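What follows is a set of notes on a single structure, which appears directly below.
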Amino acid sequence: MTHLTIEPSILYVGTPVALLSTVNEDGTVNLAPMSSAWALGDVVVLGVGMTGQTAINLRSRPDVVINFPSPSQWEAVERIAGLTGRDPVPEHKQARFRFEREKFAAAGLTPVASKLVAPPRVAECPIQFEATVTQAELDAKGNFLIAQAEVLRVHADETVVVPGTSHVDPAAWSPLIYNFRHYFGLAEELGESFRTETPRKRA
């Protein structure tokens, strides 16, 4: 290998896309795509821009649904990528974003009632986490809200669950991946961790 020293404008080396549904102050729903989420046990750490409607909602109303779309749904995600729930649109977003209150409709997605939290789930997303934010603080530079959301309930489409278990089948589930601002799905399996709970039967 020959390594170059580079200065990329973003560091999304390949992270899952999530759609966060939260409740606005007036009781309407905001839906926002993001790709800075990772799990620690039953807590998902979310990184969202401080000036966005999602950050405002999470600081006042901690309920959230973390919806995970499949690769085939990338166009629905992209349809709302340039929309914001902030009105007026923050100054630094005005050149590329526009205000839209009805984001579910704009994305062509369907809200469905959650069981334990106020925001709806995205019916078309194969995996959905109902959660509540238990801790939220600014990042080191003050540009992002780092929210720790405790997952209260997981919903998974039956086609991605190992029958008779609570395990997601990694051969059936493929997340939508955000890779340096391009969308990808997973490729073929390379192998499995020694910690897997869904080992493959070998010939």
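Quick one: in segment 132-160, of everything that is part of a helix (DSSP H, G or I) and not hydroxyl-bearing (S, T, Y), which residue is surrounded by the fewest Cβ atoms within 10 Å (Cβ to Cβ)? Don't jump to the end; show me each part of the working.
The first filter runs over segment 132-160 and keeps only residues part of a helix (DSSP H, G or I), leaving 158-160.
So of that shortlist, the ones also not hydroxyl-bearing (S, T, Y) come out as 158, 160.
Values: E158: 8, V160: 17.
Within segment 132-160, the match that is surrounded by the fewest Cβ atoms within 10 Å (Cβ to Cβ) is E158.
Checking the condition without any contact (Cβ under 8 Å) to a residue 40 or more places away in the chain and under 18 Å from A32 (Cβ atoms), which residue from F194, F144, F99, F104 passes?
Details: F194 fails: under 18 Å from A32 (Cβ atoms); F144 fails: without any contact (Cβ under 8 Å) to a residue 40 or more places away in the chain; F104 fails: without any contact (Cβ under 8 Å) to a residue 40 or more places away in the chain.
That would be F99, the only listed residue that is without any contact (Cβ under 8 Å) to a residue 40 or more places away in the chain and under 18 Å from A32 (Cβ atoms).
Which of the residues belonging to segment 161-182 are in a strand (DSSP E or B), surrounded by 16 or more Cβ atoms within 10 Å (Cβ to Cβ) and in contact (Cβ under 8 Å) with a residue 40 or more places away in the chain? Steps first, please.
Initially, segment 161-182 is screened for residues in a strand (DSSP E or B), giving 161, 168, 177-179, 182.
If we keep only those that are surrounded by 16 or more Cβ atoms within 10 Å (Cβ to Cβ) as well, we get 161, 168, 177-178.
V168, I177, Y178, listed by residue number.
Which condition does K93 not pass, out of (1) without any contact (Cβ under 8 Å) to a residue 40 or more places away in the chain; (2) farther than 30 Å from S166 by Cβ, if it passes all the others?
The one condition K93 does not meet is (1).
The rows are residues; the columns are (1) assigned to a strand (DSSP E or B); (2) of a type outside the set (G, A, S).
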{"position": "H3", "(1), (2)": "no, yes"}
{"position": "I6", "(1), (2)": "no, yes"}
{"position": "E25", "(1), (2)": "no, yes"}
{"position": "I66", "(1), (2)": "yes, yes"}
{"position": "A76", "(1), (2)": "no, no"}
{"position": "I80", "(1), (2)": "no, yes"}
{"position": "R96", "(1), (2)": "no, yes"}
{"position": "R101", "(1), (2)": "no, yes"}
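So V117 passes all but one of these: (1) in a loop (DSSP other than H, G, I, E, B); (2) surrounded by fewer than 20 Cβ atoms within 10 Å (Cβ to Cβ); (3) among the hydrophobic types (A, V, I, L, M, F, W, C). Which condition number does it fail?
It fails just one condition, (2).
Take L19 and decide whether it is crowded, with 21+ Cβ neighbours inside 10 Å and touching a Cys at 6+ places or on another chain (Cβ under 9 Å). I'd like the intermediate steps shown before the answer.
On the way: crowded, with 21+ Cβ neighbours inside 10 Å: yes; touching a Cys at 6+ places or on another chain (Cβ under 9 Å): yes.
Yes: the conditions hold for L19.
Looking only at residues that are among the polar types (S, T, N, Q) and within 23 Å of R86 (Cβ to Cβ) in segment 10-36, which one is nearest to the chain's Cα centre (by Cα)? Don't jump to the end; show me each part of the working.
Start the filter on segment 10-36 by keeping residues that are among the polar types (S, T, N, Q), which leaves 15, 21-22, 24, 28, 30, 35-36.
Filter once more, keeping what is within 23 Å of R86 (Cβ to Cβ): 21-22, 24, 28, 30, 35-36.
Numbers: S21: 9, T22: 12, N24: 18, T28: 19, N30: 13, S35: 6, S36: 8 Å.
Checked segment 10-36; the qualifying residue nearest to the chain's Cα centre (by Cα) is S35.
Can you work out which of the residues in segment 183-203 that are farther than 24 Å from L11 by Cα, surrounded by 10 or more Cβ atoms within 10 Å (Cβ to Cβ) and not hydroxyl-bearing (S, T, Y) is modelled with the lowest pLDDT?
Taking the candidates together, the pick is R200.
The values are calculated or read from the model by the stated rules, or taken from the named source; none is laboratory data. Just so you know, these numbers come straight off a predicted model, no measurement behind them. Ideal geometry is used to build each Cβ from the backbone, glycine not excepted, and the neighbour counts take in all protein chains shown.
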